[in-house]
Amino acid sequence: MKLRFAFFAVAGFLFAGSAMAADAIEEAPAAPAAEITPVFTWTGFYAGLGGGPTWANGDFDVFSEDMNGGLITGFIGYNWQLENNFVFGIEGDVSYNWDKSDVSPFEVGLETAGSVRARLGYAIDRALIYGAAGWTGAQAHIDGPVGSDSDMLSGWTIGAGVDYAFTNNIFGRLEYRYNDYGSANLLGLDGDFHQHVVMIGVGYKF
């Protein structure tokens, strides 16, 4: 009799313990899902505006003159960011220059310019450090007592800079560029033109 009572007592205790454990498992709150932070990428189209000071020079047969001033520019491009954080891109821009100088009896200067460049960079979080090179062209003009003349120059450009993404869409830019526009013949004078540019800009990544 005592043995039977002990058996039922142990069985009842085990059943009650199993039920309590099951209730505890069922009532335990589910762990919150981990929040996934999207990873920023430079891949995609972008466009922007910029401007800054310029230091240009026109080296003619009979004189050489500095034509310092400034420019405003609009740019558009596309980037491809690889898994190793290297970034390849292509960019085009159109600028207007206020580079001119008076060399009595002449006034010489640069006006509309543009370029198409390939870019190679490395992304560090939201910063993109890059170098760029490609084709560039500009319109040079000269005014003198016997008339005026202009010519479209064609040459090469090289530079480096950094883009920084303040948000997923808005980024800022700081860039240095050297432009070698080649040579032109203006009013019978042969001249070579080159330019240094420091530009600050802001862009939108689509």
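Set the Förster distance to 22 Å, then compute FRET efficiency between residue 102 and residue 149 from the Cβ-Cβ distance, nearest 0.05.
Working: r = 16 Å, r/R0 = 0.73.
It comes to 0.85.
If you take all other residues with their beta carbon under 12 Å from the beta carbon of residue 173, and give Lys and Arg +1 and Asp and Glu -1, the sum is -1. The ranking of 136, 157, 167 from fewest to most other beta carbons within 10 Å of each one's beta carbon is 167, 157, 136. Relative contact order of the stretch 44-205: 23 percent, from C-alpha pairs under 8 Å at least 6 residues apart in sequence. Dipole magnitude for the stretch 44-205: computed about the Cα centre from +1 point charges on Lys and Arg Cβ and -1 point charges on Asp and Glu Cβ, it is near 960 debye.
Full extension of the chain between residue 125 and residue 198 yields a length gain of 23.9 nm, computed as 0.36 nm times the residue separation minus the alpha carbon distance. Among 60, 86, sorting on how many other beta-carbon atoms sit within 10 Å of each Cβ, with the fewest leading, yields 86, 60. Across the stretch 74-88, the residues whose backbone nitrogen lies under 13 Å from the label position 7 Å along the beta-carbon direction of residue 94 are 74-76.
With both labels modelled 7 Å from their Cα along Cα-to-Cβ, the residue 174 to residue 206 distance reads 2.9 nm. Between the amide H of residue 43 and those of 81, distances stay under 5 Å, these residues lying 5 or more places away or on another chain, with hydrogens modeled in the peptide plane. Once the C-beta distance of residue 85 and residue 187 is scaled by a Förster radius of 45 Å, the resulting FRET efficiency is 0.30 to the nearest 0.05.
Which shape class applies to the stretch 44-205: rounded if a/c is under 1.5, otherwise prolate when a/b exceeds b/c and oblate if not, where a ≥ b ≥ c are the square roots of the Cα gyration tensor eigenvalues?
Details: a/c = 2.98, a/b = 2.52, b/c = 1.18.
Because a/c hits 1.5 or more and a/b exceeds b/c, the stretch 44-205 counts as prolate.
When each of 110, 153 is scored by the number of other beta-carbon atoms lying within 10 Å, the sequence from fewest to most is 153, 110.
Bear in mind that the values in this text are calculations on the coordinates, not laboratory data. What you are looking at is a predicted structure, and each value in this text was computed from that prediction instead of being measured. Because the Cβ atoms are built from the backbone with ideal geometry, glycine has one as well, and the counts that use them run over all protein chains shown.
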